[in-house]
Structures are given as structure tokens and as C-alpha cells.
1. Check region 137-149 and report whether any residue there is of a type in the set (D, E), within 10 Å of the ligand (Cβ to nearest atom) and not in a strand (DSSP E or B).
2. Of the residues that make up region 67-84, is at least one touching a residue at least 40 places away in the same chain (Cβ under 8 Å) and under 21 Å from V232 (Cβ atoms)?
3. Can you pull out every residue in region 210-231 that is acidic (D, E) and either more than 12 Å from the ligand (Cβ to nearest atom) or part of a helix (DSSP H, G or I) (or both)?
4. Restricting attention to region 209-230, does a residue exist that is over 27 Å from L40 (Cα atoms), among the small types (G, A, S) and under 18 Å from the mean Cα position of the chain (by Cα)?
5. I'd like the full set of residues that are surrounded by fewer than 19 Cβ atoms within 10 Å (Cβ to Cβ) and of a type in the set (V, I, T), limited to region 60-118.
6. Looking at A22, A48 in this structure, which one is under 17 Å from A234 (Cα atoms) and of a type in the set (G, A, S)?
7. In region 121-129, is there at least one residue being out of contact with any Pro (no Cβ under 7 Å at 6 or more places or on another chain), assigned to a strand (DSSP E or B) and closer than 14 Å to G14 by Cα?
8. Select from region 202-257 the residues that are open to solvent by 30 Å² or more (accessible area, probe 1.4 Å) and among the polar types (S, T, N, Q) and write down the one among them that is nearest to G12 (Cα to Cα).
Amino acid sequence: MRTALVTGAARGIGAATVLRLAREGYAVLAVDVAADDPALPYAMGSHAELTAVAAQPGVEAFVADVRDFDALAAAVAEAERRWGGLDVAVAAAGVIAGGVPLWEVPPEQERAVLEIDLYGVVNLARAAVPALLRRPEPRSGRFLAVASAAATRGLPMLAAYCAAKAGVAGLIRALGAELGDSGVTANAVSPGSTGTPILAESARLYDLPEAAAFAGQQPVRRLLDPAEVAAVLAFLAGPDSGAMTGAVVPVDGGLAL
Ligand SMILES: NC(=O)c1ccc[n+]([C@@H]2O[C@H](COP(=O)([O-])OP(=O)(O)OC[C@H]3O[C@@H](n4cnc5c(N)ncnc54)[C@H](O)[C@@H]3O)[C@@H](O)[C@H]2O)c1
């Protein structure tokens, strides 16, 4: 049985990834902060949402803030204790803030974006990669991150978010090179506009009436479903993606074209 740990698991892309992996037979530790952030003006995933995800067979809930390395190390230890090892770690937790030029963003919001969206991924890599490498050879360990189309585009009023996501892309490229022939790979997806609460908050930041307004920017002319992003993450999580490492794969309905 393959095992996985997914952050940002209470809702959205993280939750869809947990459910997809569980359906494919993985044992999954669903990790989320499951509490609102005093620095941010919109709701995070709730404890009830995390509990609902963990009600699926093969899924266990674990509350942790990705800014807290020790909490992530405890989550990794919990997965290894329960299931005897870890094959896949997915960094999906993320937040958004901005809506004004960089120099006007409240510093605590800028810090939350950089610490959660970039340092949260660094922390998960530091906690989980040693566990992926503890699996005996030949291994097919997977470190995966959710970057964004914002990793390659200069989106006005979202400068810290763009910086964090570009940072994630750079991190994944370097990690892929470092992991070399270990049998553990590192890859990321860069979603386009996907129908989740973070997109609703982005719409609010841009004074748009609703998230659906973003659909027209993507060549596919619709919002993506979190399950569509999860499907690509599930492929990357599996043994069949072994030829890929250091890749940042657009899953964006053509948004980056
Ligand atoms: N939805 C989109 O259009 C879109 C596009 C590109 C990239 N992304 C990225 O996809 C990822 C998932 O976002 P989503 O769309 O599912 O948004 P979402 O807001 O629905 O889910 C994010 C989850 O992360 C959790 N989280 C936030 N801060 C955390 C912390 N400090 N520690 C642990 N968990 C924390 C939240 O509680 C929530 O459950 C994010 O990294 C986001 O930047 C989303």
C-alpha cells in the first residue's frame, strides 16, 4: 500500500487530492491548519471540513500549520508510525492576499503569504523528503507542490503571491536536481483559475462580482474543477511518473499561453 501526506487538505485542491489518492488505494494523512488566520480577511478550511475529508476510508486527519516545521515533522512521524513509511508528500496548503500594490500591502498579510505559500513548502520538504528516502530501494517517492500560473506571470496586486509561487517553482527544480537517482522525484503543478475559496478571495481582491469572472481569461473559457488538478497530482504521485523530476506542469486550461 502506498501512503501519502497532503497539506491544505480540508477543502479545495488539497481535499480533492486526498479523496483521489484514497480512491486509488493510498492511505492518506490529511493535514490542515483548520482554523482562521488572524492576518487574513477570509476563512480558512474548518475543522468540520477536515473531519469530513477524513471520514473517507483510508484517510486520517492531522491538524498542523505548515509554518511550523515541528508540527509537520510530527505529521510525517504519524504517517510513518501508522503505515510504516511515506511514499508521497503533497504541499497544497496556500493563501492569498493583496489587492493593492506591493508597497501598500499590510506587512502581516505579506508575511502570511510568503511564510505559508513558500516557507510552508520548504518546511514540508525538510520534514518529508528524509522520510521518502527512508523507504528501501528501489523506491518511487514523490515530493509534489502546488505552485500557480502566478509562478510565471506578473499579476498586479498579487506581488507576494507571485513571489512565493515563483519561489516554489525554483525550489522544485533544485530539489529534483538534488534528488537525482534516489528514486524520489520532485514535481509541481501550476493550476489556473480553479473553483475554490481562494479564487473567491482573489475575485474580491480584484473587485470582481464573483470568481466566475476569471473563466474568460483561460482559453478553455471555464473555471477548472479541483478534481481536474487532483487528477494530475495523482498521476505525478504514482510510479508511472518516474521519468519526470523538477517539472512544473501547467494545469491551467491554457492560462499561461
Ligand atoms: N484555486 C485556484 O484558482 C488556484 C490557482 C493556482 C494555485 N492554487 C493553489 O492551490 C493550492 C490549494 O488552494 P485551493 O484553491 O484549494 O484554496 P483553498 O483556500 O480552498 O484551500 C487552501 C487550504 O489550505 C489550508 N491552509 C491555509 N493556511 C494553512 C497553513 N498555514 N497550514 C496548513 N494549512 C493551511 C486552508 O485551511 C485550506 O483548507 C494553494 O497553494 C493555492 O495557492 C489555487
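1. Going through region 137-149, the residues of a type in the set (D, E) turn out to be 137.
Adding the requirement that they be within 10 Å of the ligand (Cβ to nearest atom) leaves none.
No, region 137-149 contains no residue that is of a type in the set (D, E), within 10 Å of the ligand (Cβ to nearest atom) and not in a strand (DSSP E or B).
2. no
3. Result: E210, E228.
4. Looking through region 209-230, none of the residues is over 27 Å from L40 (Cα atoms), among the small types (G, A, S) and under 18 Å from the mean Cα position of the chain (by Cα).
5. V63, V100
6. Values: A48 fails: under 17 Å from A234 (Cα atoms).
Answer to the check: A22.
7. From region 121-129, those out of contact with any Pro (no Cβ under 7 Å at 6 or more places or on another chain) are 121-129; that's our starting set.
Applying the additional criterion that residues be assigned to a strand (DSSP E or B) yields none.
Scanning region 121-129 turns up no residue that is out of contact with any Pro (no Cβ under 7 Å at 6 or more places or on another chain), assigned to a strand (DSSP E or B) and closer than 14 Å to G14 by Cα.
8. If we take residues in region 202-257 being open to solvent by 30 Å² or more (accessible area, probe 1.4 Å) and among the polar types (S, T, N, Q), then Q217 is nearest to G12 (Cα to Cα).
The values are calculated or read from the model by the stated rules, or taken from the named source; none is laboratory data. Worth saying up front: this structure is predicted, and the values here are computed from it rather than measured. Methodologically, a virtual Cβ is constructed for each residue, glycine included, from the backbone with ideal geometry; neighbour enumeration extends over all protein chains shown. Accessible surface is based on the protein model in full, side chains and every heavy atom, while ligands, DNA and RNA are left aside. Shrake-Rupley method; radii C 1.70, N 1.55, O 1.52, S 1.80 Å.
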